[in-house]
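Here is the structure we will look at, set down as structure tokens.
The values are calculated or read from the model by the stated rules, or taken from the named source; none is laboratory data. These figures come from a predicted structure and were not determined experimentally. Cβ placement follows ideal geometry from the backbone for every residue including glycine, while neighbour counts extend to all protein chains displayed.
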Amino acid sequence: MSVNPAPSTDEERLAQLGYQQELHRRLSGFSNFAVSFSIISILAGAITSYGIAMTAGGPLAITLGWLAVGIMVTFVALAMAEVCSAYPTAGALYWWAAALARKNKAAWAWFVGWFNFLGEVAVTAAIDFGAAITTAAFLSLTFDMEVTPARTFLIFLAIIIVHGLLNTFGVNLVKILSDVSAWWHLVGVGVIVVLLAVLPDQHKPISQVFTEVHNATGFTFAGASVYAVLIGLLMAQYTYTGYDASAHVAEETHDAANAAPRGIVMSVVVSVIAGFVLLFAITWSIQDYEAERTTALGLPPAQIFIDAVGHNTGTFLVFICMVAQWFCGMASVTANSRMSYAFSRDGALPGSRIWKQVNPRTGTPTNSIWLCVTLAAILVLPSLWNTTAYLAATSIAVIGLYIAYVAPVFLRRMNPEFQPGPWNLGKWSAPVGWIAIVWVVVICVLFVLPTASPITATTFNYTIVAVAIVVGAATIWWFASAKNWFTGPRSNLIDKAAHGEQTLPTE
């Protein structure tokens, strides 16, 4: 697949993959890790989706469920990282699919790209909507503001617009803040864990932290508690999303063939460990389970903090989470826009000529940034009337992203001609890859299932509808038109002779 096994520079390897260097290469290996770690953001996903697992599964789903899902996600990350090392390009998942498919390369690139695009938009929407929920809770605690769906949505709009502006005009600041974000998360988790361990007058028995099961989904059929625990795994699975960001910013990373795969894997591994410690501390500190689950703040961990350590200290802990979530959303907009830029560079999005443009001053895809901001806002709009909108957004993100994550892994397993990059799994590649594939099949079935009973307009899990609309539209467009002109990733090299011959995934 690659022409030169050991290109001397990142730019030469990118040229072999068919692209000239347009984005500015500013990121170190740590910065690459920080982007993915910030998007996983245990202080965002695990905090804002904590209530999902409190309702469906309880402490068992929160603690042991986190570890179980984390182990499986690590297999996915390892398998993805091996492919990333071979193809360090911003297109990432859909580019890998085109490179690895032995037949129908363009079709594989098309559908993987659309799943990735759907997942990226959904995860951006879910992260910033979660940040809005936490910000609303913080404002309620500090200014006694009443939390309503309309106010939460307005806060969401303010947050995502600021993230769009930062990514448009403050590209150097975004890089600095991404590095700060990684340390904020690690130090913030440490502060929360220590205060929750020391200050509460009482803690739950440790045995209950790991084994207690709650089912407030409304389902009462035989085995409903087991079903609830499985549904509650969405909390962990959603949090472990976005680490493909390390691949999407590969064209902005030094030593990308090594740094990007390391960023993918380490962001997951560090999140598994730090997240478990955080979730144990929060669950251990629960004082009144039902009251905290149904709190008027709309954010159970915020009520847990207040009840466990007092109003002022609890508000401070909410502030730590709020800032972390702000960092997380900023990084998600960055990664989302890079994927959209790359997909548009290959002509796959409507209006690609607009979205692929790069600002010559900042070296960022400005138009693509605002495309992602707008679509994320549209996806969150149902929150004004649907109580499960946040849950649906998280499910859409999980399904869209993980199908895109594992499709190249499956194609790599089917392609004996794959040439590993400098970072690879060696003899462990096959078992790791197949475990990752099976796990993604399981969660894609699990997270489109009903999450609450009775099923009404306000509790309906519209994940399957959103996924079906995007997949259906992409399928219709493919057969009606795109199959005649979309050939997969396109070279944008101006002077190929200056770089030598390169290969692109072609039919």
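How about the stretch 346-364: which of its residues are surrounded by 20 or more Cβ atoms within 10 Å (Cβ to Cβ) and closer than 25 Å to LEU173 by Cβ? Spell out the reasoning first.
Going through the stretch 346-364, the residues surrounded by 20 or more Cβ atoms within 10 Å (Cβ to Cβ) turn out to be 346, 348-349, 355-356, 364.
Correct list: TRP355, LYS356, THR364.
Restricting attention to the stretch 408-425, which residues are farther than 16 Å from ALA257 by Cβ and surrounded by fewer than 17 Cβ atoms within 10 Å (Cβ to Cβ)?
MET414, ASN415, PRO416, GLU417
Among the residues of the stretch 457-476, count how many are of a type outside the set (Val, Ile, Thr), surrounded by 17 or more Cβ atoms within 10 Å (Cβ to Cβ) and part of a helix (DSSP H, G or I).
Residues of the stretch 457-476 of a type outside the set (Val, Ile, Thr): 457, 460-462, 466, 468, 472-474.
From what is left, the residues that are surrounded by 17 or more Cβ atoms within 10 Å (Cβ to Cβ) are 460-462, 466, 474.
Now restrict to residues that are part of a helix (DSSP H, G or I): 466, 474.
Qualifying residue count for the region: 2.
Can you spot a residue in the stretch 297-319 that is part of a helix (DSSP H, G or I), closer than 30 Å to GLY113 by Cβ and among the charged types (D, E, K, R)? Break it down into steps so the answer makes sense when it comes.
At the first step, the residues of the stretch 297-319 found to be part of a helix (DSSP H, G or I) are 300-309, 311-319.
From what's left, closer than 30 Å to GLY113 by Cβ: none.
No, that holds for no residue.
Does the stretch 138-156 contain any residue that is within 22 Å of SER340 (Cβ to Cβ) and surrounded by 22 or more Cβ atoms within 10 Å (Cβ to Cβ)? Please lay out each step first, then the result.
Of the stretch 138-156, the ones within 22 Å of SER340 (Cβ to Cβ) are 156.
Filter once more, so that each one left must be surrounded by 22 or more Cβ atoms within 10 Å (Cβ to Cβ): 156.
Yes, the stretch 138-156 has at least one match.
Report whether or not VAL333 is at pLDDT below 95, touching a Gly at 6+ places or on another chain (Cβ under 9 Å) and assigned to a helix (DSSP H, G or I).
Numbers: at pLDDT below 95: yes; touching a Gly at 6+ places or on another chain (Cβ under 9 Å): yes; assigned to a helix (DSSP H, G or I): yes.
So VAL333 passes the test.
Collect the residues in the stretch 192-228 that are in a loop (DSSP other than H, G, I, E, B) and β-branched (Val, Ile, Thr), keeping them in residue-number order.
The first filter runs over the stretch 192-228 and keeps only residues in a loop (DSSP other than H, G, I, E, B), leaving 199-205, 212-213, 216-223.
Result: VAL213, THR217, THR220.
Just need a number here: residues in the stretch 255-283 that are part of a helix (DSSP H, G or I), more than 23 Å from the chain's Cα centre (by Cα) and surrounded by fewer than 22 Cβ atoms within 10 Å (Cβ to Cβ). Full working, then the answer.
Quick first cut of the stretch 255-283, residues part of a helix (DSSP H, G or I) only: 256-283.
Of the ones still in play, those that are also more than 23 Å from the chain's Cα centre (by Cα) are 281, 283.
Imposing the further condition that a residue be surrounded by fewer than 22 Cβ atoms within 10 Å (Cβ to Cβ) reduces the set to 281.
Final tally of qualifying residues: 1.
I'd like the residue in the stretch 153-188 that is among the β-branched types (Val, Ile, Thr) and closer than 17 Å to ALA131 by Cβ and, out of all such residues, is nearest to the chain's Cα centre (by Cα). It would help to see each step written out before you state the result.
The first filter runs over the stretch 153-188 and keeps only residues among the β-branched types (Val, Ile, Thr), leaving 155, 159-162, 168, 171, 174, 176, 180, 187.
Now restrict to residues that are closer than 17 Å to ALA131 by Cβ: 155, 159-162, 174, 180.
On the way: ILE155: 21, ILE159: 18, ILE160: 16, ILE161: 19, VAL162: 19, VAL174: 18, VAL180: 19 Å.
Of everything passing the filter in the stretch 153-188, ILE160 is nearest to the chain's Cα centre (by Cα).
Just checking, how many residues over the stretch 442-456 are among the aliphatic types (A, V, I, L, M), in a helix (DSSP H, G or I) and in contact (Cβ under 8 Å) with a residue 24 or more places away in the chain? Walk me through how you get there before you give the answer.
Within the stretch 442-456, the first condition is being among the aliphatic types (A, V, I, L, M), and the residues that meet it are 442-443, 445-446, 448-449, 452, 455.
Filter once more, so that each one left must be in a helix (DSSP H, G or I): 442-443, 445-446.
Of the ones still in play, those that are also in contact (Cβ under 8 Å) with a residue 24 or more places away in the chain are 443, 446.
Total satisfying the criteria: 2.
Specify which of the listed residues (THR9, THR55) is hydroxyl-bearing (Ser, Thr, Tyr) and within 30 Å of PRO450 (Cα to Cα).
Details: THR9 fails: within 30 Å of PRO450 (Cα to Cα).
On inspection, the qualifying residue turns out to be THR55.
Those residues that are surrounded by 11 or more Cβ atoms within 10 Å (Cβ to Cβ), at pLDDT 70 or above and outside any helix (DSSP H, G or I), I need them from the stretch 477-507; list them, please.
Hits for the stretch 477-507 are PHE486, THR487, GLY488, PRO489, ARG490, SER491.
For the stretch 384-419, which positions are modelled with pLDDT of 85 or more, out of contact with any Leu (no Cβ under 7 Å at 6 or more places or on another chain) and not in a helix (DSSP H, G or I)?
PRO416, GLU417, GLN419
Identify the single condition in (1) buried (at least 24 other Cβ atoms within 10 Å of the Cβ); (2) part of a loop (DSSP other than H, G, I, E, B) that THR134 does not satisfy, given that it satisfies every other one.
That leaves (2) as the condition not met.
Select from the stretch 349-383 the residues that are part of a loop (DSSP other than H, G, I, E, B) and farther than 19 Å from GLN20 by Cα and list them in ascending order. Steps first, answer last, please.
Here is the first cut: in the stretch 349-383, the residues part of a loop (DSSP other than H, G, I, E, B) are 349-351, 356-365.
Matches in the stretch 349-383: LEU349, PRO350, GLY351.
Looking at ALA436, ALA474, ALA430, which is the one that is small (Gly, Ala, Ser) and at pLDDT below 95?
Working: ALA436 fails: at pLDDT below 95; ALA430 fails: at pLDDT below 95.
So the residue among ALA436, ALA474, ALA430 that is small (Gly, Ala, Ser) and at pLDDT below 95 is ALA474.
Test ALA106 against the stated conditions and say whether it is at pLDDT 90 or above and touching a Leu at 6+ places or on another chain (Cβ under 8 Å).
On the way: at pLDDT 90 or above: yes; touching a Leu at 6+ places or on another chain (Cβ under 8 Å): no.
So ALA106 does not fit the description; no.
For a quick check of your reading of the model, give me the residue pairs whose first member lies in the stretch 224-235 and is closer than 19 Å to CYS444 by Cβ and at pLDDT 95 or above, whose second is β-branched (Val, Ile, Thr) and surrounded by fewer than 20 Cβ atoms within 10 Å (Cβ to Cβ), with beta-carbon atoms closer than 7 Å and at least 6 apart or on different chains.
VAL229/VAL213
Output the residue which, of all residues in the stretch 140-157 that are among the aliphatic types (A, V, I, L, M) and free of Cβ contacts under 8 Å to residues at least 12 places away in the same chain, is farthest from LEU371 (Cα to Cα). Working first, answer last.
If we filter the stretch 140-157 for residues that are among the aliphatic types (A, V, I, L, M), which is where we start, we get 141, 145, 147, 150, 154-155, 157.
Narrowing further to those that are free of Cβ contacts under 8 Å to residues at least 12 places away in the same chain: 145, 154.
On the way: MET145: 32, LEU154: 19 Å.
Only one residue tops the list, namely MET145.
Residues checked against (1) at pLDDT 95 or above; (2) farther than 30 Å from SER337 by Cα; (3) small (Gly, Ala, Ser):
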| site | (1), (2), (3) |
| --- | --- |
| VAL268 | yes, no, no |
| ALA281 | yes, yes, yes |
| ASP288 | yes, yes, no |
| THR294 | no, yes, no |
| THR313 | yes, yes, no |
| VAL318 | yes, no, no |
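Considering only the stretch 159-182, I want to know if a residue exists there that is closer than 15 Å to VAL318 by Cα and in a helix (DSSP H, G or I).
Quick first cut of the stretch 159-182, residues closer than 15 Å to VAL318 by Cα only: none.
No: the stretch 159-182 contains no residue that is closer than 15 Å to VAL318 by Cα and in a helix (DSSP H, G or I).
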